[in-house]
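This report refers to the structure that appears directly beneath it.
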Amino acid sequence: MRLIATALNLALLLAATPGFAGLLASIAAWRAGRPAPSPLSPYRSWQALWRAEPVVVAEASPIAAGAAAFSLASAILAAALIPSFTTALVGAPLALLPLLIVLLVLAETAPLLSHLATGTMAGGIDAGRRLAFFVVASPALFLALWALAQLGGSITLSVIAVQGGAGSPLLPHLLAMAALLALARAAPSAAPSLGSHGRARVLALAASALTRLCAASLFAALSVPYGLSGDAPSPAAWGFGALLWAGKIAFVTLVFGLVRGTRPAGARLLTASLATATLCAFAAALLSEAPRI
Amino acid sequence: MLALGAVTLLFGPIMLGGAALALVARLRRPIGAMLWLVPLASAAVALLALLSGETRGALVLPLGLPGFPLTLVWDGVSALFLLALTLPLAVILRLSSPARPAASGVLVAGLHAIILAGDAYALLVGLALTLASLARLAAISRPRLAAIALVWLLLLAAQAPPLPDGTPNPVFAAWRAPALSPLAGLGLSALVLAGAGLVAAPLFRPARLAACANNEGALLIASLAPSALYLVARFLVDLLAPSAAGATAALALPLGAALALGAAARAAWAEDFLIACAALPGWLVGESVFALGISAWARHLDLAAPTRDATAAFFFLALLAAFAGPLWLALAAVITREAGSRHLARLGGLAWRMPKAALLAGIALTTVLPLGPGFFGAPLALTALLRAPGVGLGAVVLPMLVAVLGILLALAPFVAVRLFGLGFLGPPRTPRASAAEPPRAPEANLLTVLAAALALLGGVPGLGVALIAPALPGLRGGDPETAILLVAAPLATLIAIGLGVGLFLVASRHGARPVATVWEEGYGPRPAWLPFGDPATMIAPEILGAELPASLAPAKAWLRHWLRRLDAAWRAAYEAFLAPPCG
């Protein structure tokens, strides 16, 4: 039964990935005042790209496709570990916060190799800016996750998601969520897939979207840890959990889309959003330990 | 006992006989060429002992001063560090035959004596032999350093609890018994860290390491990194851990953070490929000291699981620093020699000219990345912090530690992508780089040994645990989360790589129609008269990540301003103090 649940969990996340990408694009277009594309359009466009006539750009590096493939593989592995509607997964004991963070970091940074594979100044500047943002954002990110782990009382996601830090104070939860939202506002938009065409481009787009979906799903499991069925297999509970997960993801996506700026991020790394995220994360970390001080 | 006997029988007579033979000029070079077999045999013994659990024994040799026989001990810590020391040492000695065989033989004997020392006398012998031979082998070490190290050791030995009759007790095992006062614990911890820092000091001078010729820099890293970390492990993890935990944490945390951040910043912004690679061992050594601080902090608070995680991270980081440090520097030396330049701006495109070297560099860089063997470093230390509840002052200190470790974790992809991307990807940026030859077979094969060791450590589930468990007995019997994490990380690496290869094969179809580049990222195709690209549009190393120092510039200026004001106030107060009284 755990195997079936794991397969269904992974299938749900993979199937939702193009829709999630479409939803993000629709919200971004709506906020910019442009006509919003259908959230279902990535299903069609990715399929068309997958079936397009294969072409190879002269001097294109296979590193781009390789990096996208590794990024997607890391994201798929993370998706198989993050519970969406049930915690009765084969990999539930392996769903440890450090491992999930590492997988998502690898999925996000591996495609940057394709930026450097082009060898141009623009690719280098873009890759450098994204990596530098990760450096300055890391204290806020890790502090928020640390606070949520402390409140959940474990580093195993299935334990945090089921217990939900019962009896833990609400304020640090809210501050940690605010920190993550502020980080989402300050973060650069998804990296463009440079030098890839056809199937390799689909891999790059899917990797980017699935990584963000996994991050949103992780955020939902940590901050709103309700609606996940436990070890007892029950199709009705699974269905209800899947619907609740879809609602949570749609809500999180909408909030992330609304807090993001309409203009692309500038060259400055230390922004007000990042400062807010860092302060909120520090406050969440301190308050999560307040009873013990 | 068997393993200790084997190592003693191996290195004792061979060293003595070798040193005697080395006096004969004609035999020096052939003996020097075979010297690598000694550390290789020691590595094999240590590996077998670790895997079979044969990690107990002590041997008193009738050598030394009256009443001070040479005592050797063999336990999990000795076996682990002997493996960490001897495998890279064998590779480096095989890679370039030592120019001074007698000094190299003495070095190997001295390093063995440091790792196997069971008393202050054996450690004295080991340190003296090692530092003296390094002064002879590499110009980086000075006799003054050796003198300071010996004074340090005498000071340390004087702190040992005496025997019941009041005479000094040189045996290290006696340190375990007494409960120290906080002040004594602080003093001893500071003394141990100062001594280890003295030994490891050359590792934090990457420019000097990079300037060494004939793989002397790699030899220094292979010798000093495990020796220094062994001293820390033996005294602060094994002997003094329960009594000096708080003091160790207070010293090791800021020291490790400063060392790791300094070395990481050096690696992140160096424009010299060799210097960037030479800074990486210091990064791992600093991270291991930081992990030791976390372990001591958790032990001070009686937190079993975080203590275990952080101590395991310390041992893993020591192993990674010992294996990957010499590999980075030796590989960087080969690459820059073939590419004709050390400057990152003049490399590029080497992945197609020397694919095997690129693969080895990729494996070596995974030791700082949270992937494969690198997962057992900073991410494991982060796990310890995630599981450590902040009690009292810890509630304020722990978030700061998490922030520091987060920055170190985030700097890892920055450095790895920058070094690999600028060095190996993109088109070649100079004619010399476009004609680089792959490294010759013996060199490449020898470096493959170290890379394979790292790949096995990070890719075989359970191997890392098997190596560390004798040094950290509670690792296997502890709570399941640590065991799961240590097995899950290599498993996840293997699955991700396998899945990635499968996806790559699906995505890259044969028979694709080639099309010319018309417009790429705002630039046109390269004109025929600029085969290595237009310099105006090529990537420059100083551009990558330039926003980060620029963003920190106001904070640095503010800090400098206040430091200047403080300095001025201090000078004014001092001058006022020195000024003659009025009237």
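The values are calculated or read from the model by the stated rules, or taken from the named source; none is laboratory data. Small disclaimer: the values here were computed from a predicted structure and weren't measured. Virtual Cβ from ideal backbone geometry, glycine too; neighbours counted across all protein chains shown. When the accessible area is computed, the model is the full protein with side chains, heavy atoms only, and any ligands, DNA or RNA have been set aside. Shrake-Rupley method; radii C 1.70, N 1.55, O 1.52, S 1.80 Å.
A few points about this structure:
- Taking the chain by itself as reference, region A:123-139 contains these residues with an accessible-area loss of 10 Å² or more in the full protein complex (1.4 Å probe, heavy atoms): A:G124, A:I125, A:G128, A:R129, A:L131, A:A132, A:F134, A:V135, A:V136, A:S138, A:P139.
- Extents of region B:291-404, taken as max minus min of Cα coordinates on every principal axis and listed largest first, are 56, 24, 17 Å.
- Translational diffusion coefficient (Stokes-Einstein; Kirkwood radius from C-alpha pairs) of region B:410-494 at 25 °C, 0.890 mPa s, in µm²/s: 150
- For the protein assembly as shown, the orientation-averaged shadow of the C-alpha convex hull comes to 44.1 nm² (one quarter of the hull surface).
- Accessible area buried between chains A and B, both sides summed, probe 1.4 Å, in Å² to nearest 100: 6300
- Computed over region A:196-240, the P(r) tail beyond 12 angstrom holds 71 percent of alpha carbon pairs.
- Of the trypsin sites (Lys or Arg not before Pro) found in region B:288-375, no site is in coil according to DSSP while having at most 14 other Cβ atoms within 10 Å of its Cβ.
- Solvent-accessible area, 1.4 Å probe, carbon plus sulfur percent, for the protein assembly as shown: 71
- Once C-alpha pairs closer than 8 Å and six or more residues apart are averaged by separation and normalised to the residue number of region A:2-292, the relative contact order reads 29 percent.
- Averaging over all projection directions, the Cα-based convex hull of region A:8-158 occupies 11.7 nm² in the image plane.
- Relative to the dominant Cα principal axis of chain B, helix B:304-339 is inclined by about 50°.
- Integer Hz, Karplus 6.51/-1.76/1.60 couplings in order for region B:443-449, x for Gly and Pro: 4, 4, 5, 5, 5, 5, 4
- Average partner coverage of B:414-420, which counts Cβ from other chains inside 10 Å: 5
- The HN-Hα couplings worked out from phi for region B:260-275 by the Karplus form 6.51 cos²θ - 1.76 cosθ + 1.60 (θ = phi - 60°) are 5, 5, x, 5, 5, 5, 5, 5, 6, 10, 5, 9, 9, 4, 5, 5 Hz, whole numbers, x standing for Gly and Pro.
- Alpha-carbon Debye profile of region B:340-402, log10 I(q)/I(0) at 0.22, 0.24, 0.25, 0.27 Å⁻¹: -0.91, -0.98, -1.01, -1.06
- Across peptide A:148-156, the average count of Cβ atoms from other chains found within 10 Å of a residue's Cβ is 3.
- Within chain B, longest stretch clear of exposed chymotrypsin sites (Phe, Trp or Tyr not before Pro) (DSSP loop, no more than 11 other Cβ within 10 Å): B:1-518
- Additional length obtainable on full extension of the chain from B:A452 to B:L563, 0.36 nm per residue less Cα span: 35.1 nm
- By the equivalent-ellipsoid construction on the alpha carbon gyration tensor, region A:46-113 comes out with semi-axes of 31, 16, 7 Å, ordered largest to smallest.
- Each residue of region B:76-87 was assigned a 3J(HN,Hα) from its phi angle through the Karplus curve 6.51 cos²θ - 1.76 cosθ + 1.60 (θ = phi - 60°); the sequence is x, 5, 4, 4, 4, 6, 5, 5, 4, 7, 7, 5 Hz, with glycine and proline shown as x.
- Relative to one another, the C-alpha centroids of region B:44-100 and region B:349-398 are positioned 28 Å apart.
- Along its principal axes, region A:1-87 has C-alpha extents of 47, 38, 20 angstrom, given from the largest down.
- For B:D119, the amide hydrogen comes within under 5 Å of the amide hydrogens of B:T71, B:F172, counting only partners 5 or more places away or on other chains and with H modelled in the peptide plane.
- Cα radius of gyration and Dmax for region A:73-227 (Å): 16.6, 53
- Surface per residue (accessible, 1.4 Å probe) for chain B, Å²: 39
- Beta bridges from DSSP with both residues in the protein assembly as shown: antiparallel share about 75 percent, rounded to the nearest 5.
- The calculated FRET efficiency for the pair A:A29 and B:L63, based on their C-beta separation and a Förster distance of 60 Å, comes to about 0.15.
- Cα-based Kirkwood hydrodynamic radius, region B:433-476, one decimal, Å: 12.9
- Cut-off 14 Å between beta-carbons: net charge of the residues surrounding B:R564, Lys and Arg +1, Asp and Glu -1: +3
- These residues, B:R440, B:R176, A:R130, go from largest to smallest accessible area, 1.4 Å probe, as B:R440, B:R176, A:R130.
- Extent of region B:22-101 along its three principal axes (Cα atoms, max minus min coordinate, largest first): 39, 37, 13 Å.
- Put simply, the convex hull of the Cα atoms in region A:11-50 casts, on average, a shadow of 2.9 nm².
- If you take the Cα centroid of region B:201-275 and the Cα centroid of region A:91-119, the two points sit 28 Å apart.
- Degrees between helix A:2-32 axis and first principal axis of chain A (Cα, 0 to 90, nearest 10): 60
- Chain A pair-distance distribution - Cα-Cα, 10 Å bins, rounded %: 6, 26, 36, 24, 7, 1, 0
- Separation in nanometres of the label points that stand 7 Å from Cα toward Cβ, at B:I543 and B:V151: 5.2
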